[in-house]
Amino acid sequence: MTRQSKTVITFGTFDVFHIGHLRLLERARGYGDRLVVGVSTDAFNESKKGRGPVFPENERMQLVAALKCVDEVFSEESLEKKREYLLRWQANVLAMGDDWAGRFDEFSDICQVVYLERTPAVSTTAVIEKIRT
Ligand code: CTP
């Protein structure tokens, strides 16, 4: 009997790609056999973080798609569509950084929800600040 493959899904902006992003994606992939990544659109990022991204969505998507640990990417347009995305991609696991801890527990009726520890001391915001100063 062949084992059912397990799909993991995660979401993020992944702007100014850094080591915290890579570690999160590699660990997320470790929860299954296929990793699908929802990359925030420029407009969604603006509404979520109050500023536009440095790199446009098509470039951020290309960078994430090129990683060995990533199988599929798509545009994430809004938080409200999360359930629709989970169902569309038939996700077995939703993996998010622990800055979102507890925020997606409502989806545990359709998939396993895991929160992964963030890599300390690095963020897109910190990198932008460092370059600025
Ligand atoms: N992430 C992580 N460790 C970090 C930074 C981010 O594990 N040091 C994870 C986040 O928890 C999230 C994913 O990477 O699951 C995408 O995060 P994103 O918001 O795109 O990156 P940040 O660096 O947190 O961006 P910002 O500073 O703009 O909030």
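Data for the structure
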quantity: Given (1) touching a residue at least 60 places away in the same chain (Cβ under 8 Å); (2) in a loop (DSSP other than H, G, I, E, B), number of the condition VAL127 does not satisfy; calculated: (2)
quantity: Top-ranked residue of segment 102-121 - restricted to ones that are closer than 23 Å to SER5 by Cα and β-branched (Val, Ile, Thr), ranked as surrounded by the most Cβ atoms within 10 Å (Cβ to Cβ); calculated: VAL113
quantity: Candidates VAL70, VAL127, VAL64, VAL93, filtered to the one that is more than 17 Å from THR13 (Cα to Cα) and among the β-branched types (Val, Ile, Thr); calculated: VAL93
quantity: Count of residues meeting criterion [more than 20 Å from PRO120 (Cα to Cα) and open to solvent by less than 30 Å² (accessible area, probe 1.4 Å)] in segment 14-43; calculated: 8
quantity: Any hit, segment 41-58, residues being modelled with pLDDT of 95 or more and under 24 Å from GLN112 (Cβ atoms); calculated: no
quantity: Filtered residues of segment 44-53 (kept if exposed (fewer than 14 other Cβ atoms within 10 Å of the Cβ) and in contact with an Asp or Glu (Cβ under 8 Å, 6 or more places away or on another chain)); calculated: GLY52
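The values are calculated or read from the model by the stated rules, or taken from the named source; none is laboratory data. As the structure is a computational prediction, the values presented were derived from the model and not from experiment. All Cβ positions, even for glycine, are placed from backbone atoms using ideal geometry, and neighbour counts span all protein chains on display. In case anyone asks, the SASA skips ligands and DNA or RNA and just uses the protein heavy atoms, side chains included. Shrake-Rupley method; radii C 1.70, N 1.55, O 1.52, S 1.80 Å.
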